[in-house]
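Report on the structure given below.
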Ligand SMILES: Cc1cc2nc3c(=O)[nH]c(=O)nc-3n(C[C@H](O)[C@H](O)[C@H](O)COP(=O)(O)O)c2cc1C
């Protein structure tokens with residue numbers, strides 16, 4: 001295994017950080033590495049919010065499903081899918097372009113997530129730990145207010161980064177499913193019950209298939225935060241239709 005692939009295996013999410021800062025030049029290196037990610041049409045359809053205000057970190061810890069470790073992270077980055085900047089540039093150049101649609105948003109979310117993953121890989125190479133925070137997609141109204149988000153700018157994902165504690169360095173990385181269940185040749189193949197049971201065989205710990213999946217369903221899929229995320233993303237999608245043709249700062 002070469003060292004880049006080995007580093008992908010070694011990376012795991014880090015949720016507790018040493019109480020020491022990340023030097024500004026390292027953060028700058030991370031952000032520059034993020035920008036080297038592939039990007040649709042070389043447009044960089046994202047804006048990265050570098051959250052340095054401790055009060056804002058604390059507020060985000062609250063609005064992102066009460067995850068306290070966010071407030072303690074030395075680096076907090078919000079990767080926003082940005083459908084506004086190019087629109088504004090087109091307008092500045094004298095065009096009156098169509099308003100962005102769901103396809104533009106999906107493309108921008110892909111761009112933002114790929115840039116974030118570049119930052120994750122760069123962080124790993126520097127000895128820094130990171131964790132994605134998907135809950136930034138929740139609480140549309142609060143996140144927009146906290147982060148001054150205009151219409152057509154969607155917080156696709158958040159990263160917290162810092163120096164991992166010893167306990168986090170020693171934590172076992174959760175195993176992945178066998179690729180046979182995840183990689184399908186030449187087209188999608190819906191798994192039957194037997195295959196699903198086989199897929200989860202090593203995932204259930206001591207529990208039965210039914211017990212494990214029922215508890216997981218309650219904890220994740222049917223959770224309040226999951227439902228809130230869908231409501232919130234629905235609001236961002238509705239913005240694409242209801243925002244003024246030429247959005248202005250309120
Ligand atoms: C889109 C996305 C959202 C995530 N959101 C959270 C989160 O809100 N809180 C958290 O503690 N971990 C979050 N994670 C981290 C996952 O829980 C973690 O990647 C997964 O359990 C696999 O573990 P590993 O990263 O250590 O390999 C998120 C990961 C992704 C990719």
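Taken together, the values in this text are just the output of simple stated rules run on the coordinates, not laboratory data. As the structure is a computational prediction, the values presented were derived from the model and not from experiment. Here the Cβ is made from the backbone with ideal geometry for all residues, glycine too, and neighbour counts use every protein chain on show.
Structure summary
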item: Sorted peptide list for 139-148, 207-216, 80-89, criterion being average Cβ within 10 angstrom, highest first; result: 80-89, 139-148, 207-216
item: Net length gained if the chain between residue 93 and residue 197 were fully extended (0.36 nm per residue, minus Cα distance); result: 31.8 nm
item: Percent of beta bridges antiparallel (DSSP, the chain, rounded to nearest 5); result: 95
item: Highest-first arrangement of 90-101, 123-134, 184-195, where packing means the average Cβ count within 10 Å; result: 123-134, 90-101, 184-195
item: Distance in nm between pseudo-label sites at residue 19 and residue 169 (7 Å out along the Cβ direction from Cα); result: 1.9
